[in-house]
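Enquirer: Below is one structure. I have some questions about it.
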Amino acid sequence: MPTLIAARPLALLLLLLQPLQFKILRVGLNKSEEEIEQFEDYLEELHSSGPAKPLTKEAFQRRTIIDPERPLIDPDYCTDEMKMKNVHDKFHCVREHFFLQTAYEDLQKICKNVFVPCKNGVKKCHRSRQLVEGVYCNLTRGARMSDCEYESSYRKGHVLITCQWQEDIQEIIPAYINDIMVLDTDVKGNSLFRNEAQWPF
């Protein structure tokens, strides 16, 4: 009967070389200690079996705040940007995502606003006072990166966000974009929420 070494020599060799390969990669990256630490944290989260860690301030900015130069009505916006910004859940496609065209500092100020209902009715969101432009991404095809394809929808309205405390920087930061409450206007030009059930007051 063949032993594991005789039956699967290549697989066993790769397993044994993994730590060595990573050390070589770590040295060859030519990055700062902070960047290497962030990369190691990313790998740890990627291969962990538990729930994903909350996004840090930098990760939220990278995944959410968008370049103002690209037209928000581009039908391929989401499919392209989700890949470019590496938005996924351990390489699985996320069902929906929002990109916002706003300054991070303005978004962070929303965390100080009073609690209002999220789109599921639970009162734990904060609502922007100003209108925000963005893109809503809805998964239409695919299960794993990079097969994910998204429908892109331009939106302008009041953004609903949840916030969290980030211990290492001692700040309340945006954690998740819950919705962009799109406004319509009546015959007199008055602003109306498209879905009255989402009215936050």
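The values are calculated or read from the model by the stated rules, or taken from the named source; none is laboratory data. On a predicted model such as this, the values are computed, not experimentally measured, just so you know. Cβ coordinates were reconstructed from backbone atoms using ideal geometry, including for glycine residues, and neighbour counts include every protein chain displayed. Only protein heavy atoms, including side chains, enter the accessible area calculation; ligands, DNA and RNA are left aside. Shrake-Rupley method; radii C 1.70, N 1.55, O 1.52, S 1.80 Å.
Enquirer: Any of 83/124; 57/90; 57/83; 112/156; 123/156 with alpha carbons more than 24 Å apart? Name them for me.
Expert: Over 24 Å apart, Cα to Cα: 83/124.
Enquirer: Another question, if that's okay. Averaging sequence separations of C-alpha pairs under 8 Å and six or more residues apart, then dividing by the length of the stretch 64-196, give the relative contact order as a whole percent.
Expert: Relative contact order here is 23 percent.
Enquirer: For q values of 0.13, 0.15 Å⁻¹, compute log₁₀ I(q)/I(0) with the Debye formula on a Cα-only model of the stretch 84-151, without solvent.
Expert: One equal scatterer on each Cα of the stretch 84-151 leads to -0.51, -0.65.
Enquirer: Excluding ligands, DNA and RNA, what is the solvent-accessible area per residue of the stretch 57-110 at a probe of 1.4 Å, expressed in Å²?
Expert: 54 Å²
Enquirer: At a 1.4 Å probe, what is the % contribution of carbon and sulfur to the accessible area of the stretch 64-196?
Expert: Carbon with sulfur: 48 percent of the solvent-accessible area.
Enquirer: What does the highest-first list of 125-133, 102-110, 84-92 look like by mean Cβ count within 10 Å?
Expert: 125-133, 102-110, 84-92
Enquirer: For the stretch 64-196, what D do you get in µm² per second when you plug the Kirkwood radius from alpha-carbon pairs into Stokes-Einstein at 10 °C and 1.306 mPa s?
Expert: D, rounded to a whole number, is 100 µm²/s.
Enquirer: May I ask for the net charge around residue 147, where only other residues with Cβ less than 13 Å from the Cβ of residue 147 are counted and Lys, Arg are +1 while Asp, Glu are -1?
Expert: So the environment of residue 147 carries a net charge of +2.
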